[in-house]
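What follows is calculated from the coordinates using simple rules that are stated; it is not laboratory data. Just so you know, these numbers come straight off a predicted model, no measurement behind them. Using ideal geometry, Cβ is built from the backbone for each residue, glycine included, and neighbour counts are taken over all protein chains shown.
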Amino acid sequence: MSWETQTTVSEEQVQFYKENGYITFGRIFTEPELDELRDYVDVMIENLPEGRRPEQMDVPHFEHPYLFKYLTHPNVLKVIERFIGPDIVLWSSHFISKREKDGMEVPWHQDGVYWGKMLEPMHVITMWLAVDESKIENGCMRVISGSHNLRDRRYEKVDRDNNLFGSEVVEADLDGTKAVNLELEVGECHFHDAWTIHNSSPNASQKRRCGYTMRYMPANVQFHGANWRRTHNIYLVQGVDRTDGYNTYESVPEF
Ligand SMILES: O=C(O)CCC(=O)C(=O)O
């Protein structure tokens with residue numbers, strides 16, 4: 001199959017995202033760029049410290065400036081701009097790689113609940129990049145369409161041994177009829193809103209499922225860094241600050 005890149009976002013796609021809280025998209029990176037990223041993350045996974053699972057590679061860009069090649073890629077910013085406007089802050093990133101026949105479950109959750117005390121207003125878009133193909137069999141992400149309009153979901157604790165996070169939306173608050181599997185070919189991506197309820201199943205297949213979540217917010221969002229349990233850097237990657245100097249931005253490193 002030929003590898004075509006897509007960097008324009010139609011008005012219909014923007015509307016779809018606004019109405020449903022997610023959208024599947026094409027390939028933003030070229031095939032060599034994607035292969036280079038996969039080679040890089042393969043080495044990162046090989047070198048993970050004892051006991052660290054490959055689903056838990058959170059904020060890898062703090063230690064790997066190379067990843068800014070992707071996080072600040074002009075084509076990515078061109079697409080993100082269509083959804084959140086021209087003043088763009090890199091909020092976070094995370095590799096979630098599920099080993100074959102072993103990956104953890106990601107429980108139903110809204111990212112905004114986890115980040116609630118840190119960001120105001122809660123306005124984040126996540127680009128989920130398929131480093132490997134991501135299908136139902138190997139645990140692709142699933143969303144509840146339209147759930148980004150809901151702020152009052154109840155949560156209950158789940159066991160941390162098999163789940164990537166510690167709590168999950170209670171079943172009674174999930175409209176399973178609106179669940180959509182976001183299957184992707186290698187290099188394709190999807191986007192979701194901070195309030196969209198999403199999950200993914202363990203990987204029961206013979207194929208690894210590695211995704212890179214690249215998270216951005218408009219530059220009017222205030223980051224209350226003091227409420228975060230660890231040091232967390234944010235980066236103004238396009239345009240200008242809109243918080244009247246409230247936010248402190250780290251410089252984008254050489255990559
Ligand atoms: O990779 C997954 O299965 C889940 C990703 C996720 O929870 C997120 O991007 O917020």
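Structural remarks
- Meets criteria (out of contact with any Ser or Thr (no Cβ under 8 Å at 6 or more places or on another chain) and either touching a residue at least 60 places away in the same chain (Cβ under 8 Å) or assigned to a loop (DSSP other than H, G, I, E, B) (or both)) for Glu50: yes
- Look at the range 56-68: where a residue is in a helix (DSSP H, G or I) and a partner is hydrophobic (A, V, I, L, M, F, W, C) and buried (at least 17 other Cβ atoms within 10 Å of the Cβ), sitting 6+ places away or on another chain with Cβ atoms under 7 Å, you get Pro60/Met44; Pro60/Leu67; Pro60/Phe95; His61/Leu67; His61/Phe68; His61/Leu71.
- Ser93 being within 14 Å of the ligand (Cβ to nearest atom) and either within 17 Å of the chain's Cα centre (by Cα) or surrounded by 14 or more Cβ atoms within 10 Å (Cβ to Cβ) (or both): yes
- Annotation: Tyr114 fulfils all but one of (1) near the ligand (Cβ under 10 Å from one of its atoms); (2) free of Cβ contacts under 8 Å to residues at least 60 places away in the same chain; (3) closer than 24 Å to Gln15 by Cα; the unmet one is (3).
To keep it simple, each residue is scored yes or no on (1) touching a Lys or Arg at 6+ places or on another chain (Cβ under 8 Å); (2) near the ligand (Cβ under 10 Å from one of its atoms); (3) in a strand (DSSP E or B); (4) aliphatic (A, V, I, L, M).
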site	(1), (2), (3), (4)
Met122	no, no, no, yes
Met127	yes, yes, yes, yes
Gly139	yes, yes, no, no
Glu156	no, no, yes, no
Asp161	no, no, no, no
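- Whichever residue in the range 175-185 is buried (at least 18 other Cβ atoms within 10 Å of the Cβ) and assigned to a loop (DSSP other than H, G, I, E, B) and, among such residues, is farthest from the ligand (Cβ to nearest atom): Glu183
- So Leu34, is it under 17 Å from the mean Cα position of the chain (by Cα) and either within 27 Å of Ser205 (Cβ to Cβ) or in a loop (DSSP other than H, G, I, E, B) (or both): yes
- Taking each residue of the range 164-182 that is touching a residue at least 40 places away in the same chain (Cβ under 8 Å) and looking for partners that are of a type in the set (S, T, N, Q) with beta-carbon atoms closer than 6 Å, six or more apart or interchain, yields Val180/Ser145; Leu182/Thr24.
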